[in-house]
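The values are calculated or read from the model by the stated rules, or taken from the named source; none is laboratory data. Note that the coordinates shown come from a computational prediction; the quantities given were computed from them, not determined experimentally. A quick note on method: Cβ atoms are made from the backbone with ideal geometry, for glycine too, and the neighbour counts reach across all protein chains shown. Heavy atoms of the whole protein, side chains included, go into the accessibility calculation; ligands, DNA and RNA do not. Shrake-Rupley method; radii C 1.70, N 1.55, O 1.52, S 1.80 Å.
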Amino acid sequence: MLTDVERFSSYRRLCRRMNVFFTRYLAVYCRHCQEVMARIPDELAGWRLAAGVYPGCCHRGAGDLFRLEGVSGPAVLPPGLVARIQAARRLRLAAAGQDGCSPVYRLVNPATGQSLEGEHCRYFGRFGCRLGDLKGPLCLDFICPPIRADLLAVTGGREELLGPEHDFLWLYRAMAVIGYGSAAAVAAEFAALERRLAALAAAGAAFLGGVEADSLFHHFRRVPVPVAR
Ligand code: SF4
Ligand code: SF4
């Protein structure tokens, strides 16, 4: 049986692996989040930021959700693992000090005169997430519909590679195994994830070579594929 320390270590390893993947392939989308979200019918088209920092999908509370969707067994990380994650976050943020990023942002729609306010996740700072390898399950698992549509286009619709809509790359399943499974099962999940990431990277590289674009974001902003709401 794995100890809490070993499960915590595996969870952080998964975070670090996904941070590398997101930074390399998807962060460019998130830097243009409003433009990306405007691809969803009726979502953000016509709205512009009037105050604060637009946090993308890092809304209030998102970093503190420890649910695991669609898994068999307990649908939440084990309490011992959650306690370690939260304790390590407190230490990290205390060491980093205040960030000073106002939590509130405001969007306006000049065409309609509408205005709306939102608040970002408490771990969101002026340079993005402050947690590094201590992010929550939803942070690792979520990709928005435009990114999913682009990845499906790149991979020729390979859902078995991307995972279902509610579980990108089956990361919730991997987290459930990290939280409750054996050492052998955890090792098998990491190996399977590496195979999926390698296949995804190969599909992306082949696609980009054919369209001569710097990134998937830059290609699909020119040639958008339909996105369901
Ligand atoms: S995943 Fe999508 S919604 Fe979230 S920040 Fe990135 S572009 Fe925005
Ligand atoms: S923990 Fe980090 S990645 Fe997750 S919602 Fe908060 S700021 Fe975003």
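Some notes on this structure:
- Solvent accessible area, Å² - Y25, 1.4 Å probe, full protein context: 80
- Fluctuation leader among G157, G210, G136 - the chain, Gaussian network, Cα springs under 10 angstrom: G210
- Annotation: amide H of V76 within the under-5 Å range of L68, sequence separation 5 or more or interchain, hydrogens built in the peptide plane.
- Excluding ligands, DNA and RNA, the accessible surface per residue across segment 4-222 is 50 Å² with a 1.4 Å probe.
- In sequence order, calculated HN-Hα J values of segment 121-130 (Karplus, 6.51, -1.76, 1.60; Hz; x Gly/Pro): 3, 5, 9, 7, x, 5, 10, x, 5, 9
- For the chain, complete DSSP H runs whose alpha carbons reach 15 Å or more along their own long axis and whose mean Kyte-Doolittle score is 0.5 or higher are 183-211.
- Among L49, L91, L65, residue whose mean-square fluctuation peaks in a GNM of the chain (springs only between Cα atoms under 10 Å): L91
- Carbon/sulfur fraction of accessible area - the chain, other protein chains in place, 1.4 Å, %: 57
- Segment 83-229 - Kirkwood radius from inverse mean 1/r over Cα pairs (Å): 18.5
- Highest mean packing comes first when the peptides 80-86, 187-193 are listed by Cβ atoms within 10 Å, giving 80-86, 187-193.
- Amide H contacts of V71: none lie under 5 Å away among residues 5 or more positions distant or on a separate chain (H built 1.01 Å from N in the peptide plane; Pro and chain starts excluded).
- Selected from M175, V20, A88, residue furthest toward positive end of dipole (segment 4-222; charges at beta carbon): A88
- Angstrom value of the Kirkwood radius, inverse mean 1/r, which spans all Cα pairs in segment 1-131: 17.1
- When only alpha carbons are used to place a centre, segment 133-173 and segment 104-126 end up 26 Å from one another.
- Net charge of the neighbourhood of F22, taken over other residues with C-beta under 13 Å away and scored Lys/Arg +1, Asp/Glu -1, is +3.
- Judged by a Cβ-Cβ distance under 4.7 Å, the unpaired cysteines of the chain are C15, C30, C33, C57, C101, C129, C139, C144.
- Label-to-label distance for E6 and A192 is 1.9 nm, based on points extended 7 Å past Cα in the beta-carbon direction.
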